[in-house]
Amino acid sequence: MSHSLPPGFLWGLIYLRRGCGPSTTRGDPPVGFRDILLRDGPEGFAKAVRAHQGLLLMDTTFRDAHQSLLATRVRTHDLKMISPFVSHNFSNLFSLENWGDSCMLSPLTPSPFEVRHILRCSGLRLYGVPFYNRFHQMRVLLLRSATFDVAMRFLSECPWKRLQELRALIPNVPFQMLLRGANAVGYTNYPDNAVFKFCEVAKENGMDIFRVFDSLNYLPNMLLGMEAAGTAGGVVEAAISYTGDVSDPMRQKYSLDYYMKLADELVKAGTHILCIKDMAGLLKPEASKLLIGSLRDRFPDVPIHVHTHDTAGAGVAAMLACAEAGADVVDVAVDSMAGMTSQPSMGAIVACAKGTKLDTGIALEKVFDYSEYWEVARGLYAPFDCTATMKSGNADVYENEIPGGQYTNLHFQAHSMGLGNKFKEVKKAYTEANKLLGDLIKLSAGVMQDHLD
């Protein structure tokens, strides 16, 4: 059996190792939104976001994009190579998502040595912290999320060190992470002090914005995570997980009223930013206008941030509709890491908004350079690339509602089991199971919990 390298692998390796990425101006990077955050605090930061003219972008290339497309395998080295370019040319990004929770099934049990290594990197100690008294609590807290699992098991890296090194290279753009409320970055409820301590250490190591969510929109779990992130000094972005279709009068379980009531509770609880987390890419333009327009009318002073996946191919249209309806921030990935189960294209959003009231202020030429780097870097991870089995997105996601990260994994697993030619039946079974269970909110996080329990 042949084990040849992927096409272009060696050229890509030479390109990146010789530092042939985009050139970066030397000196300090321009002032960015993190400077506002450090100066004015979370409340002042939120006000600045709301007062900003034009559409703001969060770049998911450093985390969710490569989780969705490359099985979270991108190494810190390749992130660091492009970091100075991002710092100097994308200083007006709302944030850069580069850490925290993501969905990866893992049976990994670290050794005590590995646990001490992680603690040493983060500045924590095994003594003096009550919730670290038992080893298995430490094991469960640190792992069962791709950030930690992949870093330790496959990349031989320390996730805390990644955060520290990227922070040193990108001092002006806020960093953002996902926090599963009372589940922190895992798949079970942890003691309250564990969640509080985790947020405290994440903030100390460079994290700024905590997107807090729960896979079933369970409010008590979210409120704990919000309090933990806020107490740590972070920006709290409470996220409502979106499913269904608010523009369809026949879909009443997750109606507009359902989302408005949840938003009322989260704003009342003090969130700095309100987020709609569309993890399956179900938001259509009409539904986007209805939902975001209603939220904007109800909460004129609260920044609104929208996350989606581009599985059906309508992500750019949906995000532009959200922006027109009043969203302050939308999530994108650089062009060569966008589309399919990743986020909508940064270049497409920048180009479509240019010269309008939504103008992002980002130079399209710099997006091209940024994309070129990732096009080459992506080739290095060809064995993990979802395009090995999945050649396009599919609009049938509006029917099966499979979340982006899960869609990729499920497709690969079907092929690995010899069921690639029956993936249509697999998706049909998924849809039927969802109906039998009462039409659940569907996140990769919730599905992985089922596997782990």
Percent relative contact order for the range 160-233, counting Cα pairs under 8 Å at least six residues apart, stands at 40
Using the heavy atoms of the protein chains and a 1.4 angstrom probe, tell me the accessible area per residue for the range 190-240 in square angstrom.
29
In this model, which of Lys277/Lys357; Lys289/Lys435; Lys80/Lys427; Lys357/Lys435; Lys47/Lys354; Lys277/Lys354 are farther than 31 Å apart at the alpha-carbon?
Lys80/Lys427; Lys357/Lys435
At a probe radius of 1.4 Å, what is the per-residue accessible area of Asp64, in Å² to the nearest 10?
10
Counting every C-alpha pair in the range 344-434, the percent lying more than 16 Å apart is 66
Could you tell me the extents of the range 259-381's C-alpha atoms along the three principal axes, largest first, rounded to whole Å?
46, 31, 27
Less than 18 Å apart at the alpha-carbon level, and either on another chain or at least 8 residues along: which lysines does that give for Lys197?
Lys161
When ranked by the protection proxy of mean other Cβ atoms within 10 Å per residue, highest first, what sequence do the peptides 411-424, 378-391 form?
378-391, 411-424
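The values are calculated or read from the model by the stated rules, or taken from the named source; none is laboratory data. Quick caveat, the model's predicted, so the values are computed rather than measured. For neighbour counting, all protein chains shown are included, and Cβ atoms are generated from backbone atoms with ideal geometry for every residue, glycine included. Accessible surface areas use protein heavy atoms only, side chains included; no ligands, DNA or RNA. Shrake-Rupley method; radii C 1.70, N 1.55, O 1.52, S 1.80 Å.
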